[in-house]
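What follows draws every value from the coordinates through simple rules; no lab data is involved. Computed from a predicted structure; not experimentally measured. Glycine also receives a Cβ, built like all others from the backbone with ideal geometry; neighbour counts cover every protein chain displayed.
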Amino acid sequence: MTDPSSAYRSVVGDIIAARPTAEPPPDAPDLRISRRRQPQAVADLLPAELEQLGAVWHDCSLDDVLADEEYEVEAAEVVDAAGTVRFRLYGWNFGVGYLFPPEGLAVVASGAQHDIEHWRLDQRPLFAAMDRALRAGGHGFTQPLHFCWTDDTCWDEIAGAEPGTVGSEPYLRALFGA
């Protein structure tokens with residue numbers, strides 16, 4: 001018998017997989033998801049992961065969060081074609097996702113309810129690359145996350161916005177001191 005969170009992830013994953021995609025634009029980096037794991041305690045985290053997840057869960061005991069089966073926190077590295085870590089990807093139940101640089105708290109993207117927010121137009125090539133990396137499969141990352149890049153209306157909505165002012169970006173940058 002499948003547990004409820006796995007069944008939910010499967011259904012949402014199928015919905016996201018059925019959304020249209022296209023050949024990524026030429027400026028989209030070639031990225032892959034690598035070294036996915038599900039840390040169970042702070043001791044299982046790399047120093048950068050401890051800093052980043054500690055900032056996200058700033059008002060909770062990170063050991064308690066990681067040990068809680070309800071969250072099922074995942075951590076993975078996003079690497080380029082040479083195997084260089086370009087980003088750290090985190091996800092957990094309830095459709096939460098964060099993309100950070102390899103080090104530091106300058107959050108690159110974030111989302112809830114499985115949809116990663118659009119903050120700036122220059123994110124589009126990265127979103128295309130992340131969509132391709134997640135669709136590639138074989139990486140073990142199970143939290144379904146949608147890096148929408150093909151829907152022009154999403155990008156049109158933020159076209160005139162001043163950088164750092166859209167969605168949760170200002171809040172997260174203030175929270176993380178980035």
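Simple rule: put +1 on each Lys or Arg Cβ and -1 on each Asp or Glu Cβ in the chain, find the dipole, and look at PRO24, LEU50, THR142; the Cα lying farthest toward the positive end is PRO24. Rounded to whole Å, the principal axis extents of the Cα atoms in the chain read 41, 41, 32, largest first.
For the peptides 98-109, 146-157, the ranking by mean Cβ contacts within 10 Å, running from highest to lowest, is 98-109, 146-157.
Per residue, the chain reaches -9000 deg cm²/dmol at 222 nm when only DSSP H runs of four or more residues are counted, each adding -39500 (n - 2.57).
What is the dipole size for the range 49-178, taken about its Cα centre, with +1 at each Lys and Arg Cβ and -1 at each Asp and Glu Cβ, in debye to the nearest 20?
Result for the range 49-178 is approximately 500 debye, rounded to the nearest 20.
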